[in-house]
Amino acid sequence: MDLLNTLVDKGLRGESPTREEALAVLATSDEELLDVVAAAGKVRRKWFGRRVKLNYLVNLKSGLCPEDCSYCSQRLGSEAGILKYTWLKPDEASKAAAAGVAGGAKRVCLVASGRGPTDRDIDRVSKTIEAIKEENEHVEVCACLGLLSEGQAERLRAAGADAYNHNLNTSENTYGTITTTHTYADRVETVHQAQAAGLSACSGLIAGMGESDEDLVDVVLALRALDPDSVPVNFLIPFEGTPLAEEWNLTPQRALRILAMVRFACPDVEVRLAGGREVHLRSLQPLALHLANSIFLGDYLTSEGQEGKADLAMIADAGFEVEGTGTTTLPAHRAAGAGTGCGSACGDAPEEAAHAAEADGRARTDLVAVRRRGAGTDLPPNA
């Protein structure tokens, strides 16, 4: 296929596809799927070999968020039965992080619900970062605390944070239909603040919220232009009690095409297989390792993930290896500029969305179940 040959050639040079080429990847048929995965896999191996970076989430503060993000079980007015608690103490968070590191995690992601941190919150998180680094000197720490105010990114960096996560989630054109309590521009500004402070920027998307192919391509090309060092690809977990509870729009095949498109658009960037992979990729998860070079180990913020042992077995069985702490994740040309902005050629700015995508098969809701964190344990759902 000429399209795939063109995309492989571009990817091996570290170049992004055009908007039309990216859309064409999403439009490929199920019969062409293995060819698409194989082509994107060549690009993945060029820049990241067969290494898989493991990341581990520590939810510092869960639920009771004042923002109205439609996809989130922690949102304002959410009726989802999730674990809700205020800030973990630094030693509690450090103990939780140690469990992930023991499982092979190279990066610990510290996440807290809310619009953004207060200065007192930054103090709390700084102490937590210091506690984690004291126990695990070489672990990377990424903070995800919402919208940042002036000077807060610098304080996190001074405390030992390596990275900051703030996702764009969806295209600028449709952002207002998903969230009304803050703007797309607010999110972009926070990523810029993290980069300016010398933090490695992590910013990604959520697929499956009813968006069009054009929306998916627009947000991915916007991310390429923003130039984060890592791009998490989340697949919507339709929690009961949220506005998007009925949005079951993904099949395993479509999820793989989305990942392939992201890999082609961000060839030399850490692409992370994130929330919802177990729900939507299911038995095709091993194929996704040919596209993403990074995954989350264990549970997510308010839902359970695949058992860590199963993840490690999947990586080994698929012929991949866990990335060690002595290995630099990013290619040399990007690692040198990590956290400082553009480390390689950026893609063109996205164009305005044109028309809605056609349905891509029917999602099998009978095959999946969203599991809440705490289910099957002695923890009440709203502890």
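The values are calculated or read from the model by the stated rules, or taken from the named source; none is laboratory data. Small disclaimer: the values here were computed from a predicted structure and weren't measured. As a convention, Cβ positions derive from the backbone with ideal geometry for all residues, glycine included, and neighbour counts pool all protein chains shown.
Summary table
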| item | result |
| --- | --- |
| Single condition Ala225 does not satisfy, out of (1) aliphatic (A, V, I, L, M); (2) in a helix (DSSP H, G or I); (3) crowded, with 22+ Cβ neighbours inside 10 Å | (3) |
| Qualifying residue in region 233-252 (condition: assigned to a helix (DSSP H, G or I) and more than 19 Å from Gly49 (Cα to Cα)) | yes |
| Every pair of residues 6+ apart whose Cβ atoms lie under 8 Å, when the first sits in region 178-199 and is at positive phi while the second is assigned to a loop (DSSP other than H, G, I, E, B) | Gly198/Gly339; Gly198/Thr340 |
| Residues of region 114-138 satisfying the condition of being closer than 30 Å to Ser78 by Cα and of a type in the set (Gly, Ala, Ser) | Gly114, Gly116, Ser126 |
| Failed condition for Lys309, given (1) modelled with pLDDT under 95; (2) outside any helix (DSSP H, G or I) | (2) |
| Which listed residue is crowded, with 24+ Cβ neighbours inside 10 Å, hydrophobic (A, V, I, L, M, F, W, C), modelled with pLDDT of 95 or more and within 15 Å of the chain's Cα centre (by Cα), from Ala161, Ala194, Ala207 | Ala207 |
| Whichever residue in region 110-119 is assigned to a strand (DSSP E or B) and at pLDDT below 95 and, among such residues, is farthest from Trp87 (Cα to Cα) | Val111 |
| Within region 7-31, considering residues that are in contact with a Pro (Cβ under 8 Å, 6 or more places away or on another chain) and in a helix (DSSP H, G or I), the one nearest to Cys266 (Cα to Cα) | Gly11 |
| Pairs where the first residue, in region 319-341, is of a type in the set (Asp, Glu) and the second is assigned to a loop (DSSP other than H, G, I, E, B) and at pLDDT 90 or above, C-beta under 7 Å, 6+ apart | Glu321/Arg50; Glu323/Lys106; Glu323/Thr329 |
| Qualifying residues in region 236-269 (those that are touching a Phe, Trp or Tyr at 6+ places or on another chain (Cβ under 9 Å) and among the charged types (D, E, K, R)) - the one modelled with the highest pLDDT | Asp268 |
